[in-house]
Amino acid sequence: MLETFKTYMGYSKHRKKGDYSRVPETSGVYRLYHGKKVSYVGETRNLKRRLEEHERDKERWGSYDYKGTKGVPKSERKKMEQRVRKRSKPTR
């Protein structure tokens with residue numbers, strides 16, 4: 001498990017809303033941005049599906065990045081989400 005986690009340590013490049021072609025269908029933690037500010041931090045079992053769901057939200061955001069966590073238990077992903085939220089200080 002730790003080996004898999006190390007593979008997914010870094011965040012992806014910022015991508016524009018609507019560009020999900022390279023997003024994996026694995027678990028992960030993600031950030032939505034409105035301009036240069038983080039507007040939301042989330043955790044999911046399927047990054048691609050969840051970002052597509054956010055596309056339908058009325059919330060304003062224009063870009064995102066993510067950190068894949070394939071093989072990492074949900075309890076650990078939740079802890080990661082909380083750490084990222086604390087550092088990023090999302091607007092919602």
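Assorted remarks:
- Candidate set from segment 27-38 (those that are in a loop (DSSP other than H, G, I, E, B) and in contact (Cβ under 8 Å) with a residue 12 or more places away in the chain); member that is nearest to residue 12 (Cα to Cα): 27
- When 11, 40, 66 are screened for being modelled with pLDDT under 90 and under 11 Å from the mean Cα position of the chain (by Cα), only 11 passes.
- Within segment 51-61, the set of residues being within 14 Å of the chain's Cα centre (by Cα) and surrounded by fewer than 19 Cβ atoms within 10 Å (Cβ to Cβ) comprises 52, 53, 54, 55.
- Of the set (1) part of a loop (DSSP other than H, G, I, E, B); (2) crowded, with 19+ Cβ neighbours inside 10 Å; (3) in contact with a strand residue (DSSP E or B) (Cβ under 6 Å, 6 or more places away or on another chain), all apply to residue 72 but (3).
- Restricting attention to segment 39-48, the residues being in a strand (DSSP E or B) and more than 12 Å from residue 66 (Cα to Cα) number 1.
The values are calculated or read from the model by the stated rules, or taken from the named source; none is laboratory data. Please read all numbers here as calculations on a predicted model, not as lab measurements. Quick reminder, even Gly has a Cβ in these numbers, built from the backbone with ideal geometry, and neighbours come from all protein chains shown.
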